[in-house]
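Bear in mind that the values in this text are calculations on the coordinates, not laboratory data. Note that this is a predicted model, so its numbers are computed, not measured. Here Cβ is always computed from backbone atoms with ideal geometry, including for glycine, and neighbour counts include all displayed protein chains.
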Amino acid sequence: MVKIGKPSDAGTKSHLTRGHEGEQLAARHLKRLGYQIVCRNYRCPLGEIDIIARHHGVLVFVEVKSRSRDTFGPPKLAVTPAKQHKLSQVAWYYLQEYDLTETSARFDVVTVSGTKRSPDIEVIQNAFESTY
């Protein structure tokens, strides 16, 4: 007999751990590239942004996508138009909250694939335009 119900926490914890590790690796990589991390895991009523940083005078909203395998395609494909719209809304909320609406800003995506010991990290600057 097969039980149908809530998924086990094991998969969720592994997914969350992978995401947290990916964000750690991404933040370190961005720092090496000259980004100054302003905030990690910014949350508001509209959602969350993984990393907010400054890079060459521009405020950068960074979405991090981590995958250990390409079973579902490369991680950058997970930043769908719907996700881009959600990130745009959260970014606008942040800009308004901190009175930064006149600040130059962009959206970058950082993908982390492979293993923790040998990650492949790609930074996609200006990955998409704001849709707010």
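For the reader, a short list of remarks on this structure follows.
- Cα pair distances exceeding 15 angstrom across segment 21-70, given as percent: 45 percent
- Taking the centroid of alpha carbons for each part, segment 33-104 and segment 105-129 are 11 Å apart.
- Among 96-109, 25-38, 48-61, the order from most to least packed when residues are scored by Cβ within 10 Å on average: 48-61, 25-38, 96-109
- Distance (nanometres) between label positions extended 7 Å along Cα→Cβ at Glu48 and Thr103: 2.1 nm
- The local environment of Gln125, defined by Cβ-Cβ distances under 13 Å, has a net charge of -2 under the rule Lys, Arg +1 and Asp, Glu -1.
- Considering only segment 9-128, percent of DSSP beta bridges that pair antiparallel, nearest 5: 70 percent
- Segment 9-128: relative contact order as a whole-number percent, Cα under 8 Å and 6+ apart: 24 percent
- Mean shadow area of segment 9-128, taken as a quarter of the surface of its Cα convex hull (nm²): 7.7 nm²
- In sequence order, calculated HN-Hα J values of segment 85-98 (Karplus, 6.51, -1.76, 1.60; Hz; x Gly/Pro): 5, 4, 4, 4, 5, 5, 4, 5, 4, 4, 4, 5, 4, 9
- Within-15-Å neighbourhood charge of Arg106 [Cβ basis; K, R +1; D, E -1]: -4
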